[in-house]
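The values are calculated or read from the model by the stated rules, or taken from the named source; none is laboratory data. For clarity, every value in this text was computed on a predicted model and none was experimentally measured. When we count neighbours, we look across all protein chains shown, and the Cβ atoms used for this are built from the backbone with ideal geometry, even at glycine. Note: areas computed on protein heavy atoms with side chains; ligands, DNA, RNA excluded. Shrake-Rupley method; radii C 1.70, N 1.55, O 1.52, S 1.80 Å.
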Amino acid sequence: MTEETGALILLSGGLDSQLAVCVLKDQGIAVHGISFESPFFNADRARRAADALSVPLTVVDFTTDILALLHKPPHGFGANMNPCIDCHAAMFRKAGLLMGEMGCRFLATGEVLNERPMSQNRAALGIVAKDSGFDGFILRPLSARLLHETEPERRGWIKRDGLLSISGRSRAAQLDLAREYGLSDFPTPAGGCKLTDPGFSARLRDLRDHEGLGDLRSIALLRIGRHFRLGPALKLVVGRNERENAELEKMAGPADLILKAEGNPGPSCLLPSTASEEHVRRAAAVCA
């Protein structure tokens, strides 16, 4: 292999994606990372991993793409509001379109066969590759020897016998490899996507079905406080601690109402400017 062969890898910063970088580097592949950000996931872990692994990283805004999928994803949702199959396909599609600009010949990912029941079974991996538009050019180094041969292998850009055959939900093989490669900074396997969180997903579903998902501030508020629906298009958000009180006050618009109990410690409550007098009375009762 030569340094002229480049791989653009979807780098989440998790253990699997870090190991995939190491496996590619072992074969002399020049690796460039790409990570995606939206209101539901950020690239902080990817930035730390890229720095530790000494690979360049490009961060792409994925907000418009993921919001479009949250209405009716072609392949459905997981256990919560996570359209993982369609989300992964869209990420590969965007990465593939940028691949040439970054001097890369193929795409890579740390996905492990059968590690996640919805999005990483054999059928789902095939759907993602096909829907991305880059079928044949997506290499999964950790499970490659259990999957169909890809174009990078056929064309001699990378050796199949240097790839791995990990499968299943156990992380024993990955943890052994982490020790071999000297990796120690990686998160738990739960992931950093808020769309897999049941509580957050319930709030997001409620927002989608009432106000809609057109207002990014309303989406950002889903991470904060307790939420009380006062009307078909009206919610009260109540801070749970001093930090959340400060965040709510900072996020309030010029016409929004901030309610506090006069003369007593307690929550800050954010009420949209569209509230009626009756809504204000109800919100004040909740605040008190």
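Across the chain, how many lysine pairs separated by 8 or more positions, or lying on different chains, have Cα atoms within less than 29 Å?
17
Taking 0.36 nm per intervening residue step and subtracting the Cα-Cα distance, what contour gain separates N241 from D44 on full extension?
Fully extending the segment from N241 to D44 adds 68.4 nm.
Pull out a ≥ b ≥ c, the square roots of the eigenvalues of the alpha-carbon gyration tensor of the stretch 76-158, then state rounded if a/c is under 1.5, prolate if not and a/b is larger than b/c, and oblate in the remaining case.
It comes out oblate by the Cα gyration axes.
Using a 7 Å offset from the Cα along the Cα-to-Cβ direction at both R169 and Q27, what is the distance between the two label points in nm, to one decimal?
Roughly 3.0 nm, to one decimal.
What distance in nm lies between label points placed 7 Å from Cα along the C-beta direction at E151 and N264?
The two pseudo-label positions are separated by 6.7 nm.
Between S54 and A255, take the C-beta separation as r, use R0 = 51 Å, and let me know the FRET efficiency to the nearest 0.05.
0.55
Calculate what fraction, in whole %, of the accessible area of the chain sits on carbon and sulfur atoms when a 1.4 Å probe is rolled over the protein chains.
Roughly 51 percent of what the probe reaches on the chain is carbon or sulfur.
Quick one: which residues, 5 or more positions from F106 or on another chain, have an amide H under 5 Å from its amide H? H modelled 1.01 Å from N in the peptide plane, none for Pro or chain starts.
Placed amide hydrogens put G6, L8 under 5 Å from F106.
Provide the gained length on full extension for the span A285 to T63, in nm with one decimal, where the gain is 0.36 nm per separating residue minus the Cα-Cα distance.
That works out to 76.3 nm of additional length.
Give me the percent relative contact order of the chain, please, defined on Cα pairs under 8 angstrom at least 6 residues apart.
This gives 16 percent for the chain.
With the other protein chains left in place, how much accessible area per residue, in square angstrom, belongs to the stretch 12-147 at a 1.4 angstrom probe?
Per residue, the stretch 12-147 has 38 Å² of solvent-accessible surface.
Can you match semi-axes √(5λ) of the Cα gyration tensor in Å to one of these, (i) 44, 19, 16; (ii) 37, 24, 16; (iii) 47, 21, 15, based on a calculation from the structure here?
(i)
Taking amide hydrogens as modeled 1.01 Å from N in the peptide plane, which residues meet the under 5 Å criterion relative to V31, leaving out close sequence neighbours?
A7
Return the FRET efficiency for the residue pair E37, A123: r is the Cβ-Cβ distance, R0 is 22 Å, and the value is rounded to the nearest 0.05.
0.15
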